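Q: Dropping the structure in here first, questions after.
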Amino acid sequence: MGHAAFSQLSVFQEAFEQKKITEGIHAFDKAWIEDSNEAKPFLVKYLSLYAMKGDYKTPYTNLQALIASNALPTYLQEKAEKLYQICSFAIRYPLAKEINIQNAGDSINSKDAEYFPSINFQDSSLLFMRRANWQREDFYISYLNKDGFTKAQLMKDALNNTAKKGSASMSKDQQTLYFAAEYPGMGYGRYDIYKVIATDSGWSSPKNVGRNINTDFWESAPSISPDGKALYFCSNRPDGYGGIDIYVSYKNEKGYWEEAENLGPNINTPADEQSPFIHADNQSLYFSSNGWPGFGGSDIFVSRKNKADEWTKPINLGYPINTYDNEGSISVASNGQDAFMASDRADTKGGLDIYKVVLAEKTRGFIKEDSASFAVLANQTTNFNAVLFDINADQIKYAGPELDSVAQFLRLNKKATILIEGHTDNTGNPAQNKLLSTKRAEAIKQWLINHQVEASRISTIGYGDTMPIASNNTEAGRALNRRTSFKIIF
């Protein structure tokens, strides 16, 4: 090998490892000119650099010609075919212009790695993992206010006692947190799934969720359904379809978790499926997989549960959510379109960061309410989970799909009326809290009027801080108490 070619190939290898794409491409081009025979073993790796920057057409065109002419040496043929299949999928997958990805910012991200984001069902807090110096892992939490997310804080109590933890999932009432961890002497395998309960003094001590979910093998990435009756997770137990599969356990009438079930071949492949997330609609399951066709490594997909209670064929979330690199986990807000994912893109603040994502329309979660479901809710107080206000403000910041559903129901059922209630936490002056809660209820009334619901059928009341549903001694409890709710009356 000539000295010039050797030097350029060394630069290429280093640039490839550091994902310096332009530098790597230029170095290989120079090496190829100097000595194409010596550069040839790196040809597929070189073409993959184009895929890394989102240019799948260049490697596709080059590989198509090379494969057709049988011009590749035997030792490159398998790698070339794999890259060709990836590029073939990518250039045929329609781009969705509505996809938008932005770094979640300094309040969430740091020079350390942030990953496993989990947005609660009220879209009011973001829980995630931070790993300092690629050693200790700890849970952090950030709350949504009028300026965005607050500066993330280390979660306290017993939750972070052990250094080895995985992702977490909060129940809809925010009173139970499920998470993966390794507690010596408490588990059945290397990693198990645990839960903690919210108390007035903080989170309880961790409790193993039991043998019907945990095994002698590895269990992680729990995701609790909005109704609290299903717990999704992944495991490498040997009875599955591949290395890591997704499972679900259902809670029986006595409140115990039944033996976990594999989600089957509509979800799981001979490869790895991980990081399940069940959306607030309770029928959109997001997960990562390196077994379904995609843009490179592990991609993120969504599958819908149909009327027969079966999971449909997964839909790839598309580029640039999925790239040639591995995408690990995603958490989708109750509004269905906003999501949070971990990635190490060009604007990372240090390793993996949390990014805010706007999903393509066909991959969004949704909340559907029909006449039958509202009839069941008659005379019951039901919280709006995705109607958002800024802190201390009475203008609706986001009108979630529930409001659309309520308006549609009221338009179709003329004999039904609605009572809208406003509530606050106990922060501040009680009189001001009552006024704010009243104004928020009135804002929802006006929204319904603007959507063709007669004003005479809408009543409002503001309770201020007089009807808490959780303790006001914790931020999580105060977040629950800041709510608007409704009651359908026939």
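The values are calculated or read from the model by the stated rules, or taken from the named source; none is laboratory data. Fair warning: this is a prediction, and the values are worked out from it, not measured in the lab. As a convention, Cβ positions derive from the backbone with ideal geometry for all residues, glycine included, and neighbour counts pool all protein chains shown.
Q: Every residue in segment 1-39 that is among the basic types (Lys, Arg) and either outside the structural domain of TYR50 (by TED's automatic domain parsing) or assigned to a loop (DSSP other than H, G, I, E, B) (or both), please.
A: Step one: filter segment 1-39 for residues among the basic types (Lys, Arg), giving 19-20, 30.
Answer for segment 1-39, where residues must be among the basic types (Lys, Arg) and either outside the structural domain of TYR50 (by TED's automatic domain parsing) or assigned to a loop (DSSP other than H, G, I, E, B) (or both): LYS19, LYS20.
Q: When you go through (1) under 29 Å from the mean Cα position of the chain (by Cα); (2) assigned to a loop (DSSP other than H, G, I, E, B); (3) under 18 Å from ASN429 (Cα atoms) one by one for GLY464, which number turns out not to apply?
A: So GLY464 meets the others, but not (1).
Q: Next question. Name the one entry in SER284, SER334 that is buried (at least 24 other Cβ atoms within 10 Å of the Cβ) and out of contact with any Cys (no Cβ under 6 Å at 6 or more places or on another chain).
A: On the way: SER284 fails: buried (at least 24 other Cβ atoms within 10 Å of the Cβ).
When all the criteria are applied, what remains is SER334.
Q: Here's a follow-up. Kindly indicate whether any position in segment 440-463 is touching an Asp or Glu at 6+ places or on another chain (Cβ under 9 Å) and within 30 Å of LEU154 (Cα to Cα).
A: The answer is no, given that none of the residues of segment 440-463 is touching an Asp or Glu at 6+ places or on another chain (Cβ under 9 Å) and within 30 Å of LEU154 (Cα to Cα).
Q: Tell me, please, whether a residue that is assigned by TED's automatic domain parsing to the domain that holds GLY336, farther than 24 Å from PHE366 by Cβ and in a loop (DSSP other than H, G, I, E, B) can be found in segment 220-235.
A: Checked against the condition, which is being assigned by TED's automatic domain parsing to the domain that holds GLY336, farther than 24 Å from PHE366 by Cβ and in a loop (DSSP other than H, G, I, E, B), segment 220-235 yields no hits at all.
Q: Looking at (1) under 28 Å from ARG345 (Cα atoms); (2) surrounded by fewer than 19 Cβ atoms within 10 Å (Cβ to Cβ); (3) over 37 Å from the mean Cα position of the chain (by Cα); (4) of a type in the set (Gly, Ala, Ser), which is the only condition ALA4 fails?
A: (1) is the only condition that ALA4 fails.
Q: Inside segment 263-374, counting only strands (runs of 3 or more DSSP E) that do not spill past its ends, which hold 3 or more residues that are under 30 Å from PHE389 (Cα atoms)?
A: Details: elements: 273-278, 284-289, 299-304, 330-332, 338-343, 353-358.
Counting at least 3 such residues, we get 273-278, 284-289, 330-332, 338-343, 353-358.
Q: Go through (1) closer than 22 Å to THR323 by Cβ; (2) touching a Pro at 6+ places or on another chain (Cβ under 9 Å) and name the single condition GLU114 misses.
A: Failed condition: (2).
Q: Sort out which residues of segment 48-63 are surrounded by 15 or more Cβ atoms within 10 Å (Cβ to Cβ) and among the polar types (S, T, N, Q), and write them in order of number.
A: SER48, THR58, ASN62, listed by residue number.
Q: Which of the residues that make up segment 287-318 are surrounded by 21 or more Cβ atoms within 10 Å (Cβ to Cβ) and of a type in the set (Lys, Arg)?
A: Within segment 287-318, no residue meets the criteria.
Q: Please work out if LYS172 is loosely packed, with under 15 Cβ neighbours inside 10 Å and within 29 Å of ASN109 (Cβ to Cβ). Walk me through it before giving the result.
A: Numbers: loosely packed, with under 15 Cβ neighbours inside 10 Å: no; within 29 Å of ASN109 (Cβ to Cβ): yes.
Spelling it out, it is not the case that LYS172 is loosely packed, with under 15 Cβ neighbours inside 10 Å and within 29 Å of ASN109 (Cβ to Cβ).
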